[in-house]
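Novice: Please see the structure below; I have some questions.
Laboratory data are not the source of any read-out in this text; all were calculated from the coordinates shown. Please read these numbers as outputs of a predicted model, since none were measured by experiment. In this analysis, Cβ positions are derived from the backbone assuming ideal geometry, glycine residues included, and neighbour counts consider all displayed protein chains.
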Amino acid sequence: MIEGVVVKQLRMISDERGWLMEILRSDWDTFERFGQVYATTAYPNIVKAWHMHKKQTDHLACIKGMVKIALCDGRKNSKTKGEINDFIAGERNPILVKIPPEVWHGFKTIGEETAFVVNVPTELYDYKSPDEHRLPPDTPEIKYDWGLLPGLKHG
């Protein structure tokens with residue numbers, strides 16, 4: 001496992017009204033600080049990758065559909081530099097993935113429905129100077145095969 005990455009199984013509480021899932025609590029050891037919360041979607045077979053932050057830690061959970069989350073340790077002085085991990089997350093495997101700064105990451109929707117991913121980053125998004133660094137999903141810098149489908153917009 002990439003140094004600093006944490007995967008936490010999430011609990012679904014269901015009853016006749018629906019369900020509730022806690023994604024991140026301030027009393028969990030995975031919690032550092034709160035910056036903001038946002039949701040993003042991806043259509044079937046779409047890859048949103050690669051991106052990385054210099055300061056920000058991300059906390060990703062897929063709450064609708066299913067995704068494959070992939071990580072690559074890009075930190076120069078890490079014991080796990082260059083290591084790649086991937087995880088299946090979503091309705092049938094509710095997990096939280098904590099991604100430290102300088103770890104490249106992205107996800108691909110698997111299955112036939114739009115995936116909804118929630119992120120709780122430790123920092124606010126800075127519109128004037130974003131802490132967002134990008135590489136295309138098929139970059140030669142990261143040896144990972146997303147199984148990109150031609151004709152779809154990825155990235």
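Novice: What's the tally of Lys pairs in region 6-134 whose alpha-carbon atoms lie under 13 angstrom apart, where the two lysines are 8 or more places apart or on different chains?
Specialist: Count of close lysine pairs: 5.
Novice: What does the charge count around G155 come to, taking other residues whose C-beta lies under 11 Å from its C-beta (Lys +1, Arg +1, Asp -1, Glu -1)?
Specialist: So the environment of G155 carries a net charge of +2.
Novice: Identify the trypsin sites (Lys or Arg not before Pro) of region 30-87 meeting these criteria: DSSP loop state and at most 12 other C-beta atoms within 10 Å of the C-beta.
Specialist: In loop regions of region 30-87 (DSSP not H, G, I, E or B), the sparsely surrounded trypsin sites (Lys or Arg not before Pro) are R33, K54, K55, K76, K79.
Novice: Give me the net charge of M66's neighbourhood, meaning all other residues with Cβ under 12 Å from the Cβ of M66; Lys, Arg count +1, Asp, Glu -1.
Specialist: +1
Novice: Right, next: Calculate the length of the line joining the C-alpha centroid of region 33-73 to that of region 104-155, in whole Å.
Specialist: A separation of 7 Å, based on Cα centres.
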